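Colleague: To start, I am sharing the structure in question, which I have written as structure tokens.
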Amino acid sequence: METYYNPTDLGKFAEIGNEAPEMAKKFFDYYATVFAEGELTAREKSLIALAVAHAVQCPYCIDAYTASCLEKGSNQAEMTEAIHVACAIRGGASLVHGVQMINSSRKISL
Amino acid sequence: MEINFAKTLAEHHLHLQRGKTTTLQINVGRLCNLACRHCHVEAGPGRPEVMDRATMADVVLFAKRFPFQTIDITGGAPELAPGIDTLLRQLRPLADRLILRTNLVLLLDARHAPLLELCTELQVGLTASFPSTNAGQTDSQRGKGVWQDSIAMLKRLNAIGYGLPGSPLELNLVANPAGAFMPVAQCQAEKRFRMDMARRWDIHFTHLFTFANVPLGRFRRWLESTGNLGQYRDRLAAGFNPSTIDGLMCRSLISVSWDGYLYDCDFNQAAGLPCAGEKVHITTITDLPEGMPIATGDHCYACTAGAGFT
């Protein structure tokens with residue numbers, strides 16, 4: 001079935017550097033630095049990436065960071081909790097804008 | 001991606017050869033109380049392949065002829081092999097370290113209490129399968145209820161001294177991934193398991209080892225049936241690390257099958273690849289020379305990926 005997202009396309013990510021190699025190199029070097037073990041462990045960073053992947057709804061990132069989390073020793077329960085964090089922030093961001101609605105409504109209401 | 005282990009070795013100008021053989025691994029059979037989904041020997045209830053007492057006696061004579069530093073007894077579930085107690089008693093004086101693999105569940109059964117007492121008396125090290133501190137991951141790999149029983153048995157083993165700091169009773173854990181993905185780096189996994197298990201259940205162990213699942217037997221069939229085989233084999237092959245070759249266990253280990261034949265490792269047993277290309281019985285072997293080529297297959301990528309299987 002034709003779809004916009006093909007799992008094998010993730011393996012072609014480096015091709016993005018064909019037309020702008022310098023920018024791609026800087027991005028991939030930065031990316032590698034971000035995910036290296038630091039003050040946060042590589043496992044913790046993968047869990048954050050998995051949560052963000054769900055927030056930005058990137059299927060490539062969801063596949064990649066599901067495997068990465070498992071390979072760094074996280075289990076499905078921890079990964080599910082991480083996604084709930086993304087969900088809570090995303091949902092909370094919508095809900096807190098309700099204050100804007102209340103302010104606007106009050107302004108134009110008797 | 002091309003999957004050809006022999007070609008990969010040649011491309012790196014590597015030769016996989018036997019070094020000094022210091023470990024004897026004895027697979028006493030495929031009978032097991034569990035039918036784990038990643039099992040490369042497809043062990044399970046009802047499997048008839050079990051080492052008989054005559055072959056056990058041959059193994060003891062073999063161990064006397066070729067002194068080994070370590071003797072490692074695996075299965076199946078070795079606890080189910082009739083005569084395992086005699087085998088342990090006879091092997092004990094023949095090596096510095098004697099190890100018995102266990103799935104933990106069987107040892108909970110009161111019928112195996114004498115075997116556990118014997119292990120304690122002889123200071124037999126126990127190596128237990130324990131894939132995850134998470135119940136869901138463990139049970140999905142090993143069967144419903146296994147995680148709970150494993151935790152109960154680990155507590156009992158700690159209570160008799162196994163796995164405690166400074167204790168001569170070694171309790172090592174083996175964690176294979178619960179699926180078609182690579183294992184956690186060993187030092188990180190050991191640190192995390194140690195912290196989690198002490199904090200949550202006050203359980204202690206000696207060391208933890210992480211190994212990739214080998215695409216053979218029941219695990220291979222699962223990979224095929226779920227469409228994971230291609231990507232999993234590619235991951236293993238892409239992770240080939242030439243620096244693992246020197247330390248591979250097959251270079252220093254000889255593996256004996258339930259019927260007394262020699263293999264370079266337990267995986268080659270499952271793959272039907274005998275030592276030196278022909279089936280040789282332990283009663284006829286006269287030498288295990290250094291430099292002897294090791295039989296390989298494409299499953300060998302599982303031992304050379306990343307940090308390797310040593």
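The values are calculated or read from the model by the stated rules, or taken from the named source; none is laboratory data. A quick note: this is a predicted structure, and the numbers were derived from the prediction, not measured. Please note: Cβ atoms are built from the backbone with ideal geometry, for glycine as well, and neighbour counts cover all protein chains shown. Heavy atoms of the whole protein, side chains included, go into the accessibility calculation; ligands, DNA and RNA do not. Shrake-Rupley method; radii C 1.70, N 1.55, O 1.52, S 1.80 Å.
Colleague: Name every residue in the range B:168-197 that is open to solvent by 30 Å² or more (accessible area, probe 1.4 Å) and away from chain A (no Cβ under 14 Å), in order of residue number.
Modeller: B:168, B:170 - these are the residues of the range B:168-197 that are open to solvent by 30 Å² or more (accessible area, probe 1.4 Å) and away from chain A (no Cβ under 14 Å).
Colleague: Restricting to the range B:272-310, count the residues that are more than 11 Å from residue B:17 (Cα to Cα), of a type outside the set (Phe, Trp, Tyr) and outside any helix (DSSP H, G or I).
Modeller: Matching residues across the range B:272-310 total 20.
Colleague: For residues in the range B:108-167 being within 14 Å of chain A (Cβ to nearest Cβ) and of a type in the set (Gly, Ala, Ser), which is surrounded by the most Cβ atoms within 10 Å (Cβ to Cβ)?
Modeller: Applying the filter and picking the extreme gives B:132.
Colleague: Can you tell me which residues in the range A:56-90 are loosely packed, with under 15 Cβ neighbours inside 10 Å, free of Cβ contacts under 8 Å to residues at least 24 places away in the same chain and charged (D, E, K, R)?
Modeller: A:81
Colleague: Separate question: With under 19 Å from the mean Cα position of the chain (by Cα) and modelled with pLDDT of 95 or more as the only criterion, which of B:154, B:118 stands out?
Modeller: Details: B:118 fails: under 19 Å from the mean Cα position of the chain (by Cα).
B:154 is the lone residue from the list that is under 19 Å from the mean Cα position of the chain (by Cα) and modelled with pLDDT of 95 or more.
Colleague: Of the conditions (1) out of contact with any His (no Cβ under 7 Å at 6 or more places or on another chain); (2) at pLDDT 95 or above; (3) not hydroxyl-bearing (Ser, Thr, Tyr), residue B:163 clears all except one; give me its number.
Modeller: (1) is the only condition that residue B:163 fails.
Colleague: Name every residue in the range A:1-29 that is in a helix (DSSP H, G or I) and charged (D, E, K, R), in order of residue number.
Modeller: The initial filter retains those residues of the range A:1-29 that are in a helix (DSSP H, G or I), namely A:7-17, A:21-29.
Of everything in the range A:1-29, those that are in a helix (DSSP H, G or I) and charged (D, E, K, R) turn out to be A:9, A:12, A:15, A:22, A:25, A:26, A:29.
Colleague: Could I ask something else about it? Would you call residue B:200 surrounded by fewer than 17 Cβ atoms within 10 Å (Cβ to Cβ) and within 14 Å of chain A (Cβ to nearest Cβ)?
Modeller: Judged against the criteria, residue B:200 is a match.
Colleague: Filter the range B:12-34 for residues that are open to solvent by 30 Å² or more (accessible area, probe 1.4 Å) and touching a Pro at 6+ places or on another chain (Cβ under 7 Å) and give the result.
Modeller: B:12, B:14, B:17, B:33
Colleague: From the residues in the range B:78-91 that are over 19 Å from residue B:35 (Cα atoms) and under 19 Å from the mean Cα position of the chain (by Cα), which one is surrounded by the most Cβ atoms within 10 Å (Cβ to Cβ)? Talk me through it step by step, then tell me what you get.
Modeller: Keep residues of the range B:78-91 that are over 19 Å from residue B:35 (Cα atoms), which gives B:82-91.
Next, only the ones that are under 19 Å from the mean Cα position of the chain (by Cα) stay: B:84, B:87-88, B:91.
Numbers: B:84: 23, B:87: 26, B:88: 20, B:91: 22.
Filtering first and then ranking leaves B:87.
Colleague: For the range B:235-267, name all the residues that are part of a strand (DSSP E or B) and out of contact with any Cys (no Cβ under 6 Å at 6 or more places or on another chain).
Modeller: B:240, B:253, B:254, B:256, B:261
Colleague: Another question about this same structure. I'm trying to understand the selection: among the residues of the range B:1-11, which are outside any loop (DSSP other than H, G, I, E, B) and surrounded by fewer than 16 Cβ atoms within 10 Å (Cβ to Cβ)? It would help to see each step written out before you state the result.
Modeller: Keep residues of the range B:1-11 that are outside any loop (DSSP other than H, G, I, E, B), which gives B:5-11.
Those that are outside any loop (DSSP other than H, G, I, E, B) and surrounded by fewer than 16 Cβ atoms within 10 Å (Cβ to Cβ): B:6, B:7, B:10, B:11.
Colleague: When you scan the range B:207-232, how many residues do you find that are open to solvent by 40 Å² or more (accessible area, probe 1.4 Å) and within 26 Å of residue B:157 (Cα to Cα)?
Modeller: Adding up the residues that qualify gives 2.
Colleague: Follow-up. Can residue B:47 be described as touching a residue at least 24 places away in the same chain (Cβ under 8 Å), outside any loop (DSSP other than H, G, I, E, B) and open to solvent by 20 Å² or more (accessible area, probe 1.4 Å)?
Modeller: No, not satisfied.
Colleague: Check whether at least one residue in the range B:237-250 is surrounded by fewer than 20 Cβ atoms within 10 Å (Cβ to Cβ), within 14 Å of chain A (Cβ to nearest Cβ) and closer than 23 Å to residue B:140 by Cα, and report yes or no.
Modeller: The answer is no; no qualifying residue exists.
Colleague: Checking residue A:32 against (1) in a helix (DSSP H, G or I); (2) over 18 Å from the mean Cα position of the chain (by Cα), which single condition isn't satisfied?
Modeller: Against the list (1) in a helix (DSSP H, G or I); (2) over 18 Å from the mean Cα position of the chain (by Cα), residue A:32 comes up short only on (2).
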